[in-house]
1. Can you tell me which of (1) modelled with pLDDT of 90 or more; (2) outside the structural domain of L164 (by TED's automatic domain parsing); (3) not aromatic (F, W, Y) is the one S51 doesn't meet?
2. Can you tell me how many residues in the range 17-49 are free of Cβ contacts under 8 Å to residues at least 60 places away in the same chain and in a strand (DSSP E or B)?
3. Take the conditions over 26 Å from H111 (Cα atoms) and either in contact with an Asp or Glu (Cβ under 9 Å, 6 or more places away or on another chain) or free of Cβ contacts under 8 Å to residues at least 12 places away in the same chain (or both) and apply them to S52. Does it pass?
4. Would you say G59 is more than 22 Å from T90 (Cβ to Cβ) and touching a residue at least 24 places away in the same chain (Cβ under 8 Å)?
5. Being among the hydroxyl-bearing types (S, T, Y) and closer than 27 Å to Q80 by Cα is the filter here, so list the residues in the range 100-154 that pass it.
6. What number of residues within the range 146-196 satisfy the criterion of being modelled with pLDDT of 90 or more, on the phi < 0 side of the Ramachandran plot and outside any helix (DSSP H, G or I)?
7. Check R45, R25 and return the single one that is farther than 21 Å from A109 by Cα and in contact with a strand residue (DSSP E or B) (Cβ under 8 Å, 6 or more places away or on another chain).
8. Give all pairs with beta carbons closer than 6 Å in which a residue from the range 1-16 that is free of Cβ contacts under 8 Å to residues at least 24 places away in the same chain and of a type in the set (F, W, Y) meets a residue that is assigned to a strand (DSSP E or B) and surrounded by 15 or more Cβ atoms within 10 Å (Cβ to Cβ); count only pairs at least 6 apart in sequence or on separate chains.
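The values are calculated or read from the model by the stated rules, or taken from the named source; none is laboratory data. All figures in this text were calculated on a predicted structure; none of them were measured in a lab. Every residue, glycine among them, receives a Cβ derived from its backbone with ideal geometry; neighbour counts consider all protein chains shown.
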Amino acid sequence: MDVGEADRFCVVLTRAHGRLAARARSVRKPGSRMGGVLLPFSHARLEFAESSAGFMVVGASNAEGDPLGSAQLKPFSHLQRGVELLLQLTEEGEAMPQIFDLTLTFFHASHLEGCEPVAAYTLALLSLLGHLPETADDARFQRVSAEGRAYIMRAIKQRDIDVLCEQVPEGAGVERFIEMVLAEVLQRPLKATHIL
């Protein structure tokens with residue numbers, strides 16, 4: 001989020017410290033070394049300094065293999081939906097290395113041709129945060145077909161790029177299951193889904 005004349009307020013997910021809010025001063029000025037790195041949906045190496053006003057980004061460089069956000073609508077919409085969900089379900093300052101790794105895999109999967117990773121990412125994220133059962137015996141699964149339950153269990157347990165890119169079985173009840181769980185755990189509905 002742009003603030004003031006040249007600053008940018010960033011919400012970042014780190015492997016070691018979880019979610020952090022930080023301000024990057026003067027990054028929107030021409031010639032700023034960090035301006036091209038601190039963009040939405042990018043993977044970067046950041047250096048922070050803590051002050052009385054909170055965290056400040058004092059150094060930034062692109063991480064190796066960064067897919068660098070996207071100018072294409074489909075990857076951008078996937079990332080928007082996933083990040084909005086992540087922001088609603090997590091709190092600041094809590095280390096979440098598994099969620100960091102899952103989200104990084106989701107970022108990369110979002111840029112692959114033909115990959116639709118939002119459903120599997122949502123299921124894996126809900127599971128890591130303790131909102132899904134580890135087995136298919138839960139009553140919430142009763143409207144999900146056997147094929148749908150198998151898909152959900154793979155998304156929960158494997159959490160790799162192959163599972164993220166696997167097609168959601170049509171008519172298996174997976175989407176309805178996700179909507180039901182999200183209605184239970186979210187404070188407010190997701191906006192990105194309705195915009196799409």
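1. (1)
2. Applying the first criterion (free of Cβ contacts under 8 Å to residues at least 60 places away in the same chain) to the range 17-49 yields 22-40, 42, 44-49.
Right, trim to in a strand (DSSP E or B) and you get 22-24, 44-49.
Within the range 17-49, residues that are free of Cβ contacts under 8 Å to residues at least 60 places away in the same chain and in a strand (DSSP E or B) number 9.
3. Values: over 26 Å from H111 (Cα atoms): yes; either in contact with an Asp or Glu (Cβ under 9 Å, 6 or more places away or on another chain) or free of Cβ contacts under 8 Å to residues at least 12 places away in the same chain (or both): yes.
Yes.
4. Numbers: more than 22 Å from T90 (Cβ to Cβ): yes; touching a residue at least 24 places away in the same chain (Cβ under 8 Å): yes.
When the stated conditions are applied, G59 passes them.
5. Let us first name the residues in the range 100-154 that are among the hydroxyl-bearing types (S, T, Y), namely 103, 105, 110, 121-122, 127, 135, 145, 151.
Scanning the range 100-154 gives T103, T105, S110, Y121, T122, S127, Y151.
6. 10
7. Details: R45 fails: farther than 21 Å from A109 by Cα.
Going through R45, R25 in turn, the sole match is R25.
8. Note: pairs meeting the criteria are F9/R23.
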